[in-house]
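First up is the structure itself, then whatever we jot down about it.
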Amino acid sequence: MLDLKQYASIGEALQEALDTFSAEVCLFESDRGEEKERLTYRDFKARALPFAKALQETGFSAADRASIIMTNQSKWLISAYAVFHDGGTLVPLDYKLKPEEQWQLLKHSGASVLITECGIWRQLSGSPGRAEAASVKTIFVTEALANADLAGARRWEEARGTGEPGFVPRQRGDLACIVYSSGTGGSPKGCMMTHENYLEQCVSLTAWYPFWPGVRYLSILPTNHAIDFMVGFLGPFTCGAAVVHLRTLRPEYVREAFAKYHITYVSLVPLVLKNLQKGLQARFDELPPARKLVFEALRKINIALTKRRPRLPISRRLLRQVHAAFGGRLEAIIVGGAFTEPQTLQFFYDLGIPVANGYGLTEAGTSVTVNDLKPFRADTVGKPLPGMEVRIVNPDADGIGEVAVRSKTVMAGYLNEPQMTAEAIVDGWLMTGDMGRFDGRGHLQLFGRKKNMIVTEEGKNVYAEDVESAFEGLQVKEFCVFAANFIWPQRSMLREQLVLVIHLEPGQVFTEDLRAEIAVRNNRLINYKRVHGIVVYSEDFPLTTSLKIIRKALAQRLGALDRNNAVLPI
């Protein structure tokens, strides 16, 4: 691994990695089981530099902002390196967002360059939101057909500048990325991440979970996701490892990739891990009685031998078929982005497959705490990583209070939001809004949220205020969206849900027609943003003098209601 302490920027570290590991394979790209790309670090450099020069020839220069909206593939990473090489700031966006949401974030970020796929561009170019993002001057589109109408965009494959691009140095405190940590119905929350944030996070993570030449990481999460950007790009590349991209994530092709590429690490969100658990358990349940007895006996032996620490060689021998299905060389599954149920973590560990579960948030880089497997603990989110200071603010009698973080990985602030930044970072400490405590062995346990937000099992941050635009024009006196746990605090991070609180006009009755209208509007939302219940509140909402809802005061009033009776189904 490179000594990242000696580099001033991501671009400088990656530039060194491309030369240091030039003969090693850095990228595989497979589509429906057929390998489309196999690039060494030397090949990667040869692809990236002409595009970096083409960017410079458009006038792109230091601190300019370029956004990538793309599925996982080699062109994503090649484009990102070109941006960092040219001293630019990267704006990675979720390709699953609606076009109007993507344009809103492009406008907010001030991006001047957009790099995307032809299919995504067709939707974006036809969206009325395009007129708002006037800052976007140059668009590069990948995989466009020869006769395609590019609506003013340029073909990525033909963007090749003349001559060598000059490397543009940046400093550790300079902006590297603007990462959006929430939806878009309210104020976009663009986390300003510096080069130091990422370099220090990479040092922390690889101290406990190192990569090396020969390691193969299977990239399943979107590369714009904080976890995959770090563990599926910066981490592997600064260690000479390889990343495997699958253009199709159908289960049969994912299963095939583990064995074909002998995967070492993979990152998953809890929802995918849970589905994987269900699939495996179903297969175990279908075993003939005699084989099931043998399997359970071997699993019990593995549990006894790995109680204090993982012993992968032994687990791979005892449960040979299980490990063969994962390629036979899997070191760990990395899971994050949301809280994972302890029984799911324990299920995999009992099979001899360690799960490196942890806790983090975009504002703090990627990870704050991780299970170090010394020993494995399914009931916590692990210990603070090297370089992370974590404390509990205003703990109650049980030691539970707000989790605060201080480290070199904490963001510089929210883009164009000084007040929001001042509320989030107090005296150098990031106030996470999550409630937790440390146990006697230094492990962090989580117990719900202080913020009016949820994190889904898919690892999506959903702020309640961002969902409200879907209900604009609803024929009621007033309405508001809350995280149920914000109204009725529970010491749990499981099954977090949103509720819609409505106050009817005088004399108005809650009817099935109104419920149906709410359901129609709700179904237009992407699945992870939908509300799961309705609260009909009989009193006026508390308002400021400027007629804004005082959310905390309303939540306190609603908290006096019995949740089981107050929340109606949609």
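Only the coordinates and a few stated rules stand behind these numbers; no lab work does. Remember, predicted model here, so these are calculated numbers, not experimental data. Every residue, glycine among them, receives a Cβ derived from its backbone with ideal geometry; neighbour counts consider all protein chains shown.
Placing +1 on the Cβ of every Lys and Arg and -1 on the Cβ of every Asp and Glu, with nothing else charged, gives segment 518-570 a dipole about its Cα centre of roughly 340 debye.
Magnitude of the Cβ-charge dipole of segment 4-266, K/R +1 and D/E -1, about the Cα centre, nearest 20 debye? For segment 4-266, the charge dipole is close to 260 debye. From the largest down, segment 1-57 spans 40, 33, 17 angstrom on the principal axes of its Cα atoms. Remark: for residue pairs LYS260/LYS374; LYS75/LYS137; LYS307/LYS450; LYS98/LYS552, the C-alpha separation exceeds 27 Å in LYS260/LYS374; LYS307/LYS450; LYS98/LYS552. Taking every alpha-carbon pair under 8 Å whose residues sit at least 6 apart, segment 7-95 reaches a relative contact order of 28 percent.
Along the axis of the charge dipole computed for segment 4-266 (Cβ charges of +1 for Lys and Arg, -1 for Asp and Glu, origin at the Cα centre), the listed residues TYR209, SER127, VAL244 are led at the positive end by SER127. How large, in Å, is segment 66-123 by the Kirkwood hydrodynamic radius built from its alpha-carbon pairs? That comes to 11.6 Å for segment 66-123. Once the mean of 1/r is taken over each pair of separate Cα atoms and inverted, the chain shows a Kirkwood hydrodynamic radius of 25.2 Å.
The three principal axes of the Cα atoms in segment 329-425 give end-to-end lengths of 48, 37, 22 Å, sorted in falling order. Segment 340-355 and segment 135-169 have their alpha-carbon centroids 45 Å apart. Ordered by the count of other Cβ atoms within 10 Å of each Cβ, fewest first, ILE534, ILE550 give ILE550, ILE534.
Here the 3J(HN,Hα) profile of segment 417-430, calculated from phi with Karplus coefficients 6.51, -1.76 and 1.60 at θ = phi - 60°, is 10, x, 5, 4, 5, 5, 6, 7, 10, 10, 6, x, 9, 7 Hz, Gly and Pro shown as x.
From the Cα gyration tensor of segment 426-558, with a ≥ b ≥ c the square roots of its eigenvalues, which class applies: rounded if a/c is under 1.5, or else prolate if a/b is larger than b/c, or else oblate? It is prolate, given that a/c is not under 1.5 and a/b is the larger ratio.
For segment 50-96, the relative contact order works out to 49 percent when only alpha carbon pairs closer than 8 Å and six or more residues apart are counted. Within segment 432-508, all pairs of alpha-carbon atoms sorted by distance into 5 Å bins from zero give the percentages 3, 14, 22, 19, 14, 11, 7, 4, 3, 2, 1, 0.
For the chain, the relative contact order is 11 percent, taking Cα pairs closer than 8 Å that sit 6 or more residues apart in sequence and dividing their mean separation by the residue count. If a/c stays under 1.5 just call it rounded; otherwise compare a/b with b/c (prolate if a/b is bigger, oblate if not). Do that for segment 4-266, with a ≥ b ≥ c from the square roots of the Cα gyration tensor eigenvalues. Rounded shape, in that the Cα axes give a/c under 1.5. The Cα center of segment 526-546 and the Cα center of segment 41-115 differ in position by 38 Å. Charge dipole of the chain (Cα centre as origin; +1 on each Lys and Arg Cβ, -1 on each Asp and Glu Cβ, all else neutral): 1780 debye, rounded to the nearest 20. Based on every Cα atom in segment 69-184, Rg and the maximum pairwise Cα distance Dmax equal 14.3, 44 Å.
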